[in-house]
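Worksheet: the structure to be examined is printed underneath.
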């Protein structure tokens, strides 16, 4: 990069370069230490921001429930900037956030924005919105309602306390505020005996109360279910993130229950009374469908598999290039993924010019990650970005840093002649560092000297280099200098003095 020679900027630029060198001398490019939780024991992670009314929530907690067991899996603090980070494994999870500023009502979120279908080895991002206030003097209650007979969730159950009522979702989860000190809860559901329970017995008051499971006893061994797998009709692939809604048309008092398919496209509604039901299936990027006349008898387990047709109108293409951040060198064989917690993942590998492409992507928010080949030695750090994919064409490029980076810093001097038409100290001289041997052998990194003849090359992969400087006059090489065997180490700054001699 050429530095302006205006006198008013000269000392500023020199100071900046000297500061870079001073910072680099202790360990190359400064790295911000990771002060977050240790997630090394988890197969995946999820991060995001918690906000309310357009601004960040600066305190509180995020509860992560494993929907396979209906148990609390992880609890993360909300940071002062509104961010959170939690560990997860492969599976399906419910994210529930709350603070003194407010809370969520997950079962009323039409887009299931707080549910996640997680694969191992993928970092996910979910932003959580608090859509309810926590009134002064109220307490927040949340938990699950299950059947005492089979431990399966009861969807559509009514939870009442302190003159207020809410409904459980397809996973049996509920959340509600009640006046502080409320003790008596009533829980009811079609086909189950009502439950009256005092939750305060032996418990302390607090700003919130994560209640024990409410378990209802079935009437006449009620326990029928409807379940199955939703697939893409074109390739048979299971579809995660499908909203499957169960209705009982003949019973106006039965409110429809919605379930969300997991990564395997699976769904199941438990603890259903005898009745004739109707299913609705919908997912972004697909044509919605229905199934009528589904007869459920006592303790029946009915399998209803469904295929969905793609709606390719409005889908997106995502493409781009993966290159080195230090030089415009394409990275081939890199693995690029685009993941959405509900819509699944796309995978592509870069070609010889570093290009990748995804087609027929459903518009939405995706976490995009690129990693370099895992065989042999991996030279580049993984990179990740949060990308909003819109219908049509989306270009997302990646510039990767080397894992083992060092810094080369030097001072250039000229000897063997008068000043002539050249600046002394030398300014704007091109410096080339060519890697010798090993991976990337022959690749050249370039920069220019500043106003006092200092150059800095950041982001060099560790190894041996040949460093050259040259001054030309009307395409003729006038001054040149070469230094062989310059060793650049990971996380270190190598200082050299390069002398250019009159040819």
Residue in the stretch 370-395 that is farthest from the chain's Cα centre (by Cα), counting only those that are under 28 Å from residue 311 (Cβ atoms) and buried (at least 19 other Cβ atoms within 10 Å of the Cβ): 394
Any chance residue 277 is in contact with a strand residue (DSSP E or B) (Cβ under 6 Å, 6 or more places away or on another chain), surrounded by 15 or more Cβ atoms within 10 Å (Cβ to Cβ) and more than 26 Å from residue 235 (Cβ to Cβ): yes
Only listed residue being touching a helix residue (DSSP H, G or I) at 6+ places or on another chain (Cβ under 9 Å) and modelled with pLDDT under 95, chosen from 35, 29, 69, 58: 29
Residue match in the stretch 126-134 (condition: buried (at least 22 other Cβ atoms within 10 Å of the Cβ) and farther than 20 Å from residue 337 by Cβ): yes
Some residue of the stretch 292-302 being surrounded by 16 or more Cβ atoms within 10 Å (Cβ to Cβ) and under 28 Å from the mean Cα position of the chain (by Cα): no
Enumeration of residues in the stretch 149-168 that are buried (at least 17 other Cβ atoms within 10 Å of the Cβ), without any contact (Cβ under 8 Å) to a residue 40 or more places away in the chain and either part of a loop (DSSP other than H, G, I, E, B) or not assigned by TED's automatic domain parsing to the domain that holds residue 184 (or both): 162
Residue satisfying all of: in the stretch 322-342; assigned to a strand (DSSP E or B) and either assigned by TED's automatic domain parsing to the domain that holds residue 122 or within 20 Å of the chain's Cα centre (by Cα) (or both); surrounded by the most Cβ atoms within 10 Å (Cβ to Cβ) among these: 322
Test: residue in the stretch 73-85 that is in contact (Cβ under 8 Å) with a residue 40 or more places away in the chain, in contact with a strand residue (DSSP E or B) (Cβ under 7 Å, 6 or more places away or on another chain) and on the phi > 0 side of the Ramachandran plot: no
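The values are calculated or read from the model by the stated rules, or taken from the named source; none is laboratory data. Keep in mind the model is a prediction, meaning the values are calculated, not measured. Positions of Cβ are generated from backbone atoms using ideal geometry, with glycine treated the same way; all protein chains shown enter the neighbour counts.
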